[in-house]
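One structure is given here, and the rest of the page talks about it.
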Amino acid sequence: MSLLPYALARPFLFGLDPETAHELTMSSLARTQGTPLAMAYCTSRISDPIELAGLKFPNRVGLAAGLDKNARCIDGLAAMGFGFVEVGTVTPKAQPGNPKPRMFRLPEANALINRLGFNNEGLDAFLANVQKSAVRKQGGQAPLLLGLNIGKNAATPIENAVDDYLICLSGVYPHADYVTVNISSPNTKNLRALQSDEALDALLGRIAERRETLAAQHGKRVPIFVKIAPDLDQPQVDVIAATLKRHAMDGVVATNTTLSREAVKGLRHAEETGGLSGAPVLQASNRVIGQLRAALGAGFPIIGVGGVLSGPDAVSKIKAGADLVQIYTGLIYKGPELVAEAALAIKKSR
């Protein structure tokens, strides 16, 4: 159990601009990780191992990409009891993202809207941070698994997007337990067009080819997951499922943030552009998870993400068809205690 209950820190953080609070939190984690001060947020990891995509996960609860875009805080996040942590999204070149303000809280709905736009320090800085992580060097019976999430630069034309993904894949491959291909952020122009039939087929075909080359080069086969949006209908989900299987992808992350505002109509900031995350995404995400499971069949790995703010929320993802669960917005609203709560609820539900 952490020494500092999050309930004491939250009022201070929520008194700040959301992005300022985020930067302060991440900077504090980066400074304190690996020191005695980490006891303030350190939590015992629930043991609930599962083997998936050739990997042994210590438990079924992970951190979603987007919180630690530059891989600065892997050790600090590991101390919170996650079974796996996904960092990024990283792009080949550093980019500032979209103009500020670009992050908004909707506390009445336990939700966030962001239009950050893959702001990050670029691939070289990202990889340098990954390699500094102490937890990656420890090994042991239940090492933290690390996912590295890749995307395209905003300035890269969508017709050349595959080049950015291949650059990132080649860079992260030696350092990742798994790689996630992010084609579903709503905050990079035209990115979600890559989820369409022909574009997805072409992208995943090239990624599969490059993976074979990298597997031979590095002597290991790193699993590749694809992250998709919740704003998809059944025919679109079916096409994605068929394409994932055709190109031997190892899993799918469902889902990213939503463009829908149905659940937050009338709330302050509800009409801000960007992706909505948090509690309002739970049902849409679970719907897509269920559709994917039906289309993919048993045994195809699904990571469920979107709207997990409690143990029962995490269990609902597993019941919908997910094998693993990720949290992000829930961590902001509920704090590190949510990690153990979710992992324990899933363990007890089976």
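Points worth noting:
- Number of positions in segment 311-350 that are more than 24 Å from PHE300 (Cβ to Cβ) and touching a residue at least 40 places away in the same chain (Cβ under 8 Å): 12
Matching residues to (1) touching a strand residue (DSSP E or B) at 6+ places or on another chain (Cβ under 9 Å); (2) modelled with pLDDT of 95 or more; (3) not aliphatic (A, V, I, L, M):
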{"site": "PRO186", "(1), (2), (3)": "yes, no, yes"}
{"site": "ASN190", "(1), (2), (3)": "no, no, yes"}
{"site": "GLU209", "(1), (2), (3)": "no, yes, yes"}
{"site": "GLU212", "(1), (2), (3)": "no, yes, yes"}
{"site": "PRO235", "(1), (2), (3)": "no, no, yes"}
{"site": "ASP238", "(1), (2), (3)": "no, no, yes"}
{"site": "VAL253", "(1), (2), (3)": "yes, yes, no"}
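- Residues of segment 63-95 classified as farther than 21 Å from THR32 by Cα, in a strand (DSSP E or B) and under 16 Å from the mean Cα position of the chain (by Cα), total: 2
- Qualifying residue in segment 339-347 (condition: part of a strand (DSSP E or B) and modelled with pLDDT of 95 or more): no
- Within segment 100-123, one or more residues are over 30 Å from ASP48 (Cα atoms), in a helix (DSSP H, G or I) and touching a strand residue (DSSP E or B) at 6+ places or on another chain (Cβ under 8 Å).
- Restricting attention to segment 4-27, the residues being farther than 18 Å from ARG102 by Cβ, over 21 Å from the mean Cα position of the chain (by Cα) and assigned to a helix (DSSP H, G or I) number 7.
- Search result, residues across segment 298-335 that are aromatic (Phe, Trp, Tyr) and assigned to a strand (DSSP E or B): none
- Against the test of being under 27 Å from ILE318 (Cα atoms), buried (at least 18 other Cβ atoms within 10 Å of the Cβ) and at pLDDT 95 or above, the options ALA53, ALA71, ALA79 yield a single qualifying residue, ALA53.
- The lone exception for ARG221 - which of (1) of a type outside the set (Gly, Ala, Ser); (2) free of Cβ contacts under 8 Å to residues at least 60 places away in the same chain; (3) within 25 Å of LEU63 (Cβ to Cβ); (4) surrounded by fewer than 19 Cβ atoms within 10 Å (Cβ to Cβ) it fails: (2)
- For the condition in contact with a Cys (Cβ under 8 Å, 6 or more places away or on another chain) and either of a type outside the set (D, E, K, R) or under 30 Å from GLU272 (Cα atoms) (or both), PRO101 does not qualify.
The values are calculated or read from the model by the stated rules, or taken from the named source; none is laboratory data. As the structure is a computational prediction, the values presented were derived from the model and not from experiment. Quick reminder, even Gly has a Cβ in these numbers, built from the backbone with ideal geometry, and neighbours come from all protein chains shown.
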